[in-house]
Each structure stands twice: as structure tokens, then as C-alpha cells.
């Protein structure tokens, strides 16, 4: 599930949103209110349950991501297999890149989707169909440190949830 040219996407487990209004996200590091969306390069990083911690890495060549690897904790694999994720399509016009090395697009005005949301479907299969390796590890912390040190492009999303599965904190490992 990738946007068409001139579009950006927003992924949500809620299929009933009719209008997106700028807001300050609970995890925001800035005080401005935005509507968040992603482009084709960054969309695959959002093919997960919202709260799922993940480490995404790739090599960027001519604006494309190659040798892409997404990694999750094994406690989240079941949720990845059962989550019903929806993609909302937007005209990219009201959005602008966020940050110096954009990983997202933001709008500061309310926006309406171009149509009803589309259910994304099998998230594991979606990774496979797009040639993205989906790794499952007991935990992410060491792997994410390795990704950051490797010099690849990367995105760590919901890393504050690492060690916390859908059912709550992991038992203490010995």
C-alpha cells in the first residue's frame, strides 16, 4: 500500500475518520499542531499496529529504498498478523516535508481524504510482496543500536514501547 504520485498516506486502525484536524501528537517533540502523513519511501514503516515498536532500515539509492529490513519484537508478531490497518489517501498539496531529512509530511490545516479508507490487508504478506525483509527478534534494543551504527538510513518508531508487548511489559529476562 503505497501512495500514487501527488498523494500522501495516513495509516490508522480507525476506519471511521472523515476529516483530519491538526493536533499535537502525544509523542510530539514540537508544540505545533499537525496532520501527519507519509510518502512512498516512508509508508512501509507504518505497515504495523500503531503501538508496535519497530526498527526500519534501508539503503537509499536515487530516492528509492533498497535492501530494506523491518524488525519487530516477537511479542508483536501476533498483533501484526491480526491488526486491521487502513490507509487514507490525501492530495499532497496541503502537506509539506517535516524536518531536514523528512520522514513524514505535515499539514497545518484540516484535510479530508480523497475517498474512503482502504483496508491494507495482510501486513506480513505486504512486506513480502514489496521485497522487505521482516525480522522478528526477542527484543529490539541491541538490534536498533546496531542499525544506528551501521550507517544505513533508519527509522525507529514507537521505540519507547520496546519491551512492552500488546499484553503489557515483558517478563524479566534472566
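The strands (runs of 3 or more DSSP E) found entirely in segment 49-112 that carry 2 or more residues being touching a residue at least 40 places away in the same chain (Cβ under 8 Å) and more than 29 Å from residue 139 (Cα to Cα) are 86-91, 104-107. Looking at 69, 136, can you tell me which residue is surrounded by 13 or more Cβ atoms within 10 Å (Cβ to Cβ), touching a helix residue (DSSP H, G or I) at 6+ places or on another chain (Cβ under 6 Å) and farther than 18 Å from residue 4 by Cα? Among 69, 136, only 136 is surrounded by 13 or more Cβ atoms within 10 Å (Cβ to Cβ), touching a helix residue (DSSP H, G or I) at 6+ places or on another chain (Cβ under 6 Å) and farther than 18 Å from residue 4 by Cα.
Readers should treat all values here as calculations from the given coordinates under stated rules, not as data from a laboratory. Because the structure is a prediction, the values reported are computed rather than measured. Please note: Cβ atoms are built from the backbone with ideal geometry, for glycine as well, and neighbour counts cover all protein chains shown.
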